[in-house]
1. Packing-wise, with mean Cβ within 10 Å as the measure, how do 95-103, 12-20, 140-148 rank, highest first?
2. With a 10 Å cut-off between alpha carbons and a GNM built on the chain, which of 200, 168, 26 moves the most?
3. Rounded to whole Å and ordered largest first, report the semi-axes of the equivalent ellipsoid of the chain derived from its Cα gyration tensor (root of 5λ).
4. Can you spot the aspartates and glutamates whose alpha carbon is less than 14 Å from residue 89's alpha carbon? Ignore those fewer than 8 places along the same chain.
5. Between region 197-232 and region 29-69, what is the separation of their alpha carbon centroids in Å?
6. Please identify, among 88, 11, 188, the residue showing maximal mean-square fluctuation in a Gaussian network model of the chain using a 10 angstrom Cα cutoff.
7. Give the longest segment of the chain that steers clear of GluC sites (Glu not before Pro) in DSSP loops with at most 14 neighbouring Cβ atoms within 10 Å, not counting the sites themselves.
8. Evaluate the distance, in nm, between pseudo-label points positioned 7 Å from the Cα of residue 111 and of residue 61 along their respective Cα→Cβ axes.
Amino acid sequence: MPKAVILLIEDDASIRRFVSAFLSGQGFKVVEAVTGKTGLEYLRSYKPSAVLLDLGLPDTSGIEVVKRIREWSRVPVIIISARGQEGDKVAGLDAGADDYLTKPFGTAELLARIRVSLRRVSSADKNSPIFKTGNLEVDLSKRHVLIGSKEIHLSPIQYKILSILVRQAGRVVTREELLEEAWGPEKDAGVDSVRIYMHQLRKKLEKNPLRPQYLKTELGVGYRMITDEDRI
Ligand code: CA
């Protein structure tokens, strides 16, 4: 099998060295670009399986690069951001990026984020309606939610929010995305409503809502449904 290609668009040489050495050791072929312009050229010529994208590039912003990528490509894009760039991170996710890593990040986290992205692409057309993680089971076709063998009753909006996170399991979902999808464009709800519903969901699903095993908060960004793979 040919190696999966990962395109790394990053101007910091030490991060390029670290990511490149690690991913090559994991059996990926890594293509490096220092500017947004070169990154977009390499996207066309190398057809990578996933893109790791720094937000602060010498010639353009990473958010612009995400927008350009999404004009024609569905390739998974993982943003690499510095601490304190929360606003940019959310803008990048809303522009179509799939996930993010905050510098400094470790190799386990990097590999987990890449695997989730690659799996999303490969499983896109053989989706099962049943999602399981830990003791939680959600059947999207029957709208059943179980903890162990016990059925959990959710309100329509609670279920809606849970199902959005389940369909994107392993990925971060921004609060804006949740608002848009759960309440629709004529929403009279705000991010506070999302917080309230997440609190209700955790009370129903989590053993200890203060230390959630399933519904993780990504500070300043949104929420992530933890998969069994994330726990390894
Ligand atoms: Ca940079």
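1. Details: 95-103: 20.6, 12-20: 15.1, 140-148: 13.4.
Per-residue Cβ counts within 10 Å, averaged per peptide and sorted highest first, yield 95-103, 12-20, 140-148.
2. 26
3. 32, 19, 16
4. 54, 64, 98, 99, 176, 177, 218
5. 32 Å
6. Highest fluctuation among the options: 188.
7. Working: sites that count: 71, 186.
With a cap of 14 other Cβ atoms within 10 Å, the longest stretch comes to 72-185.
8. Between residue 111 and residue 61, the label points sit 3.4 nm apart.
A short reminder: the numbers here are calculations on the coordinates, not readings from a lab. Everything quoted here is computed from the prediction, not taken from an experiment. Here Cβ is always computed from backbone atoms with ideal geometry, including for glycine, and neighbour counts include all displayed protein chains.
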